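*Asks:* If you scroll down you'll find the structure; I have some questions about it.
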Amino acid sequence: MSDKAVNREFARRVATIRKARKLTLEQASLVTGVSRSMLSQVERGEANPTLAMSFRIAEGLGVPIAELVGDSWGGPLIEVVARDDAKSLYRDSDGCRLRTLSQLRTEKDLEFYELRLEPGASLDSQPHHRGARELLTVAQGEVEVEVNRAIRRLTPGDTAHYPADTDHRIRNDGPAPAHCYLVVTYT
(Lines give C-alpha, C1' and ligand atoms only; values in the text may rest on other atoms or scores of the structure.)
Protein backbone atom coordinates (compact mmCIF):
# COMPACT_ATOMS: atom_id res chain seq x y z
CA MET A 1 0.00 0.00 0.00
CA SER A 2 1.38 3.44 -0.92
CA ASP A 3 2.17 6.11 1.67
CA LYS A 4 -0.74 8.20 0.37
CA ALA A 5 -3.16 5.29 0.68
CA VAL A 6 -2.01 4.58 4.25
CA ASN A 7 -2.43 8.27 5.13
CA ARG A 8 -5.94 8.38 3.59
CA GLU A 9 -7.00 5.27 5.50
CA PHE A 10 -5.58 6.63 8.76
CA ALA A 11 -7.42 9.94 8.18
CA ARG A 12 -10.70 8.13 7.45
CA ARG A 13 -10.43 5.98 10.58
CA VAL A 14 -9.61 8.90 12.87
CA ALA A 15 -12.63 10.84 11.58
CA THR A 16 -14.92 7.81 11.78
CA ILE A 17 -13.93 6.95 15.35
CA ARG A 18 -14.12 10.58 16.52
CA LYS A 19 -17.62 10.94 15.06
CA ALA A 20 -18.73 7.57 16.47
CA ARG A 21 -17.64 8.83 19.91
CA LYS A 22 -19.70 11.99 19.20
CA LEU A 23 -16.71 14.25 19.78
CA THR A 24 -16.30 17.63 18.13
CA LEU A 25 -12.83 18.52 16.88
CA GLU A 26 -12.49 20.79 19.92
CA GLN A 27 -13.41 17.95 22.33
CA ALA A 28 -11.09 15.55 20.51
CA SER A 29 -8.31 18.12 20.81
CA LEU A 30 -8.78 18.24 24.57
CA VAL A 31 -8.66 14.45 25.04
CA THR A 32 -5.78 13.84 22.62
CA GLY A 33 -3.56 16.84 23.35
CA VAL A 34 -3.36 17.50 19.60
CA SER A 35 -4.47 20.93 18.38
CA ARG A 36 -7.87 21.29 16.74
CA SER A 37 -6.33 22.55 13.50
CA MET A 38 -3.84 19.64 13.38
CA LEU A 39 -6.64 17.10 13.99
CA SER A 40 -8.62 18.69 11.18
CA GLN A 41 -5.62 18.43 8.85
CA VAL A 42 -5.07 14.80 9.88
CA GLU A 43 -8.71 13.93 9.18
CA ARG A 44 -8.56 15.59 5.76
CA GLY A 45 -5.36 13.69 4.96
CA GLU A 46 -3.40 16.94 4.69
CA ALA A 47 -0.99 16.14 7.53
CA ASN A 48 1.24 13.15 8.05
CA PRO A 49 1.24 12.66 11.84
CA THR A 50 4.29 11.40 13.66
CA LEU A 51 4.13 8.09 15.48
CA ALA A 52 3.96 9.96 18.82
CA MET A 53 1.04 12.09 17.58
CA SER A 54 -0.72 9.02 16.19
CA PHE A 55 -0.35 7.35 19.58
CA ARG A 56 -1.80 10.42 21.37
CA ILE A 57 -4.76 10.45 18.97
CA ALA A 58 -5.41 6.73 19.49
CA GLU A 59 -5.07 7.00 23.26
CA GLY A 60 -7.34 10.04 23.41
CA LEU A 61 -10.00 8.32 21.30
CA GLY A 62 -9.74 5.23 23.50
CA VAL A 63 -8.61 2.80 20.82
CA PRO A 64 -5.43 0.82 20.23
CA ILE A 65 -3.19 2.45 17.64
CA ALA A 66 -3.60 -0.70 15.53
CA GLU A 67 -7.26 0.23 15.06
CA LEU A 68 -6.18 3.45 13.33
CA VAL A 69 -3.72 1.74 11.01
CA GLY A 70 -5.70 -1.52 10.68
CA ASP A 71 -4.32 -3.95 8.16
CA SER A 72 -2.73 -1.16 6.11
CA TRP A 73 0.65 -2.32 7.40
CA GLY A 74 0.16 -5.96 6.50
CA GLY A 75 -1.86 -7.32 9.43
CA PRO A 76 -3.79 -10.55 8.89
CA LEU A 77 -6.90 -10.35 6.73
CA ILE A 78 -8.52 -13.23 8.63
CA GLU A 79 -8.08 -13.49 12.38
CA VAL A 80 -8.95 -16.68 14.27
CA VAL A 81 -9.72 -17.34 17.92
CA ALA A 82 -8.66 -20.97 18.27
CA ARG A 83 -10.94 -23.36 20.18
CA ASP A 84 -8.14 -24.27 22.59
CA ASP A 85 -6.69 -20.75 23.05
CA ALA A 86 -6.35 -20.36 26.83
CA LYS A 87 -6.47 -16.54 26.49
CA SER A 88 -10.04 -16.78 25.20
CA LEU A 89 -11.34 -18.49 28.36
CA TYR A 90 -12.98 -15.71 30.36
CA ARG A 91 -14.54 -17.81 33.13
CA ASP A 92 -14.64 -21.52 33.99
CA SER A 93 -16.07 -22.09 37.46
CA ASP A 94 -19.21 -23.17 39.30
CA GLY A 95 -20.67 -24.87 36.22
CA CYS A 96 -20.35 -21.72 34.08
CA ARG A 97 -17.88 -21.62 31.17
CA LEU A 98 -17.62 -18.33 29.27
CA ARG A 99 -15.23 -18.10 26.34
CA THR A 100 -14.67 -14.96 24.29
CA LEU A 101 -14.95 -15.45 20.54
CA SER A 102 -14.20 -11.84 19.60
CA GLN A 103 -10.77 -10.28 19.29
CA LEU A 104 -9.80 -8.39 22.42
CA ARG A 105 -9.32 -5.16 20.46
CA THR A 106 -13.01 -5.08 19.51
CA GLU A 107 -14.23 -5.17 23.10
CA LYS A 108 -14.96 -1.43 23.26
CA ASP A 109 -17.74 -1.86 20.72
CA LEU A 110 -18.70 -5.53 20.61
CA GLU A 111 -18.10 -8.69 22.61
CA PHE A 112 -18.98 -12.18 21.38
CA TYR A 113 -19.01 -15.17 23.75
CA GLU A 114 -19.76 -18.85 23.89
CA LEU A 115 -21.59 -19.68 27.13
CA ARG A 116 -22.00 -23.15 28.61
CA LEU A 117 -24.05 -23.61 31.77
CA GLU A 118 -24.41 -26.84 33.70
CA PRO A 119 -27.80 -27.52 35.35
CA GLY A 120 -28.27 -25.11 38.27
CA ALA A 121 -25.45 -22.78 37.14
CA SER A 122 -25.87 -19.12 36.28
CA LEU A 123 -24.00 -16.15 34.88
CA ASP A 124 -24.85 -13.18 37.12
CA SER A 125 -23.76 -9.85 35.65
CA GLN A 126 -23.51 -6.39 37.10
CA PRO A 127 -24.49 -3.46 34.86
CA HIS A 128 -22.27 -2.84 31.86
CA HIS A 129 -21.70 0.66 30.46
CA ARG A 130 -24.76 2.85 29.86
CA GLY A 131 -26.56 1.83 26.67
CA ALA A 132 -25.07 -1.68 26.58
CA ARG A 133 -27.33 -4.45 25.24
CA GLU A 134 -27.03 -8.22 25.07
CA LEU A 135 -28.29 -10.69 22.50
CA LEU A 136 -28.43 -14.27 23.75
CA THR A 137 -29.12 -17.23 21.45
CA VAL A 138 -29.68 -20.70 22.85
CA ALA A 139 -28.14 -23.49 20.75
CA GLN A 140 -28.85 -26.36 23.17
CA GLY A 141 -30.72 -26.76 26.45
CA GLU A 142 -32.90 -24.18 28.17
CA VAL A 143 -32.12 -21.02 30.13
CA GLU A 144 -33.92 -18.22 31.91
CA VAL A 145 -32.94 -14.60 31.37
CA GLU A 146 -33.73 -12.19 34.20
CA VAL A 147 -33.53 -8.40 33.84
CA ASN A 148 -35.11 -6.06 36.42
CA ARG A 149 -37.28 -8.87 37.81
CA ALA A 150 -38.61 -9.71 34.32
CA ILE A 151 -37.93 -13.37 33.47
CA ARG A 152 -38.11 -15.12 30.10
CA ARG A 153 -37.45 -18.80 29.35
CA LEU A 154 -35.50 -19.57 26.19
CA THR A 155 -35.28 -22.88 24.35
CA PRO A 156 -33.04 -23.94 21.43
CA GLY A 157 -33.19 -21.43 18.57
CA ASP A 158 -34.61 -18.62 20.72
CA THR A 159 -32.80 -15.28 20.91
CA ALA A 160 -33.41 -12.67 23.61
CA HIS A 161 -32.45 -8.98 23.28
CA TYR A 162 -32.26 -7.00 26.51
CA PRO A 163 -30.57 -4.07 28.25
CA ALA A 164 -27.28 -4.96 29.91
CA ASP A 165 -26.75 -1.66 31.71
CA THR A 166 -28.62 -3.03 34.72
CA ASP A 167 -28.18 -6.20 36.81
CA HIS A 168 -29.03 -9.28 34.74
CA ARG A 169 -28.74 -13.06 34.99
CA ILE A 170 -28.69 -16.07 32.68
CA ARG A 171 -29.56 -19.27 34.57
CA ASN A 172 -29.86 -22.89 33.59
CA ASP A 173 -32.54 -24.37 35.82
CA GLY A 174 -33.17 -27.28 33.45
CA PRO A 175 -31.98 -30.89 33.72
CA ALA A 176 -29.41 -30.73 30.86
CA PRO A 177 -26.39 -28.54 30.07
CA ALA A 178 -27.12 -25.37 28.08
CA HIS A 179 -24.99 -24.08 25.20
CA CYS A 180 -25.52 -20.44 24.18
CA TYR A 181 -23.97 -17.60 22.21
CA LEU A 182 -23.89 -14.14 23.74
CA VAL A 183 -23.22 -10.80 22.02
CA VAL A 184 -22.71 -7.59 24.02
CA THR A 185 -22.97 -4.29 22.12
CA TYR A 186 -22.05 -0.82 23.33
CA THR A 187 -23.48 2.41 21.97
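*Asks:* Looking only at the stretch 54-67, which residues are surrounded by 14 or more Cβ atoms within 10 Å (Cβ to Cβ) and closer than 19 Å to residue 24 by Cβ?
*Replies:* Answer for the stretch 54-67, where residues must be surrounded by 14 or more Cβ atoms within 10 Å (Cβ to Cβ) and closer than 19 Å to residue 24 by Cβ: 56, 57, 58, 59, 60, 61, 63.
*Asks:* Hey, can you tell me all the residues within the stretch 156-167 that are closer than 18 Å to residue 114 by Cβ and either not in a strand (DSSP E or B) or not polar (S, T, N, Q) (or both)? Break it down stepwise before answering.
*Replies:* Kept after step one, since they are closer than 18 Å to residue 114 by Cβ, are these residues of the stretch 156-167: 156-160, 164.
If the condition is that a residue be closer than 18 Å to residue 114 by Cβ and either not in a strand (DSSP E or B) or not polar (S, T, N, Q) (or both), then 156, 157, 158, 160, 164 are the ones that fit.
*Asks:* For the stretch 31-50, what are the residues that are surrounded by 15 or more Cβ atoms within 10 Å (Cβ to Cβ) and of a type outside the set (D, E, K, R)?
*Replies:* Those that are surrounded by 15 or more Cβ atoms within 10 Å (Cβ to Cβ) and of a type outside the set (D, E, K, R): 31, 32, 34, 38, 39, 40, 41, 42, 45, 47, 48, 49.
*Asks:* Being surrounded by fewer than 18 Cβ atoms within 10 Å (Cβ to Cβ), within 17 Å of residue 90 (Cα to Cα), in contact with a Phe, Trp or Tyr (Cβ under 8 Å, 6 or more places away or on another chain) and in contact (Cβ under 8 Å) with a residue 40 or more places away in the chain, is that true of even one residue in the stretch 129-144?
*Replies:* Within the stretch 129-144 (the criterion being surrounded by fewer than 18 Cβ atoms within 10 Å (Cβ to Cβ), within 17 Å of residue 90 (Cα to Cα), in contact with a Phe, Trp or Tyr (Cβ under 8 Å, 6 or more places away or on another chain) and in contact (Cβ under 8 Å) with a residue 40 or more places away in the chain), the answer is no, since none of the residues qualifies.
*Asks:* Name the residues in the stretch 173-187 that are within 8 Å of residue 141 (Cα to Cα) and in a loop (DSSP other than H, G, I, E, B), would you? Please lay out each step first, then the result.
*Replies:* Of all residues in the stretch 173-187, those within 8 Å of residue 141 (Cα to Cα) come to 174, 176-179.
Once the filter is applied, which keeps residues that are within 8 Å of residue 141 (Cα to Cα) and in a loop (DSSP other than H, G, I, E, B), the stretch 173-187 yields 174, 176, 177.
*Asks:* May I pose another question? Restricting attention to the stretch 86-93, does a residue exist that is aromatic (Phe, Trp, Tyr), without any contact (Cβ under 8 Å) to a residue 24 or more places away in the chain and surrounded by 13 or more Cβ atoms within 10 Å (Cβ to Cβ)?
*Replies:* Within the stretch 86-93, the first condition is being aromatic (Phe, Trp, Tyr), and the residues that meet it are 90.
In the following step, the residues that additionally are without any contact (Cβ under 8 Å) to a residue 24 or more places away in the chain were identified as 90.
Filter once more, so that each one left must be surrounded by 13 or more Cβ atoms within 10 Å (Cβ to Cβ): 90.
The answer is yes; a qualifying residue exists.
*Asks:* Go through the stretch 148-176 and give me each residue that's of a type in the set (A, V, I, L, M, F, W, C) and either closer than 18 Å to residue 96 by Cα or surrounded by fewer than 18 Cβ atoms within 10 Å (Cβ to Cβ) (or both). Before you say what the answer is, go through the steps one by one.
*Replies:* Step one: list which residues in the stretch 148-176 are of a type in the set (A, V, I, L, M, F, W, C), which gives 150-151, 154, 160, 164, 170, 176.
Of everything in the stretch 148-176, those that are of a type in the set (A, V, I, L, M, F, W, C) and either closer than 18 Å to residue 96 by Cα or surrounded by fewer than 18 Cβ atoms within 10 Å (Cβ to Cβ) (or both) turn out to be 150, 151, 154, 170, 176.
*Asks:* Quick check on my filter: what residues within the stretch 4-35 are closer than 15 Å to residue 51 by Cα and free of Cβ contacts under 8 Å to residues at least 12 places away in the same chain?
*Replies:* Within the stretch 4-35, none qualify.
*Asks:* For residue 180, all conditions in the list (1) at pLDDT 95 or above; (2) under 28 Å from residue 64 (Cα atoms); (3) not polar (S, T, N, Q) hold save one; what is the number of the exception?
*Replies:* (2)
*Asks:* Count, please, the residues in the stretch 139-153 that happen to be farther than 18 Å from residue 125 by Cα and either outside any strand (DSSP E or B) or in contact with a Ser or Thr (Cβ under 9 Å, 6 or more places away or on another chain) (or both).
*Replies:* Within the stretch 139-153, the subset farther than 18 Å from residue 125 by Cα is 139-142.
From what is left, the residues that are either outside any strand (DSSP E or B) or in contact with a Ser or Thr (Cβ under 9 Å, 6 or more places away or on another chain) (or both) are 141-142.
Of the residues in that region, 2 qualify.
*Asks:* Follow-up. Out of the stretch 42-64, which residues are part of a loop (DSSP other than H, G, I, E, B), under 26 Å from the mean Cα position of the chain (by Cα) and within 12 Å of residue 10 (Cα to Cα)?
*Replies:* Scanning the stretch 42-64 gives no hits.
The values are calculated or read from the model by the stated rules, or taken from the named source; none is laboratory data. Keep in mind that this is a model prediction, so the values were computed, not measured. Here the Cβ is made from the backbone with ideal geometry for all residues, glycine too, and neighbour counts use every protein chain on show.
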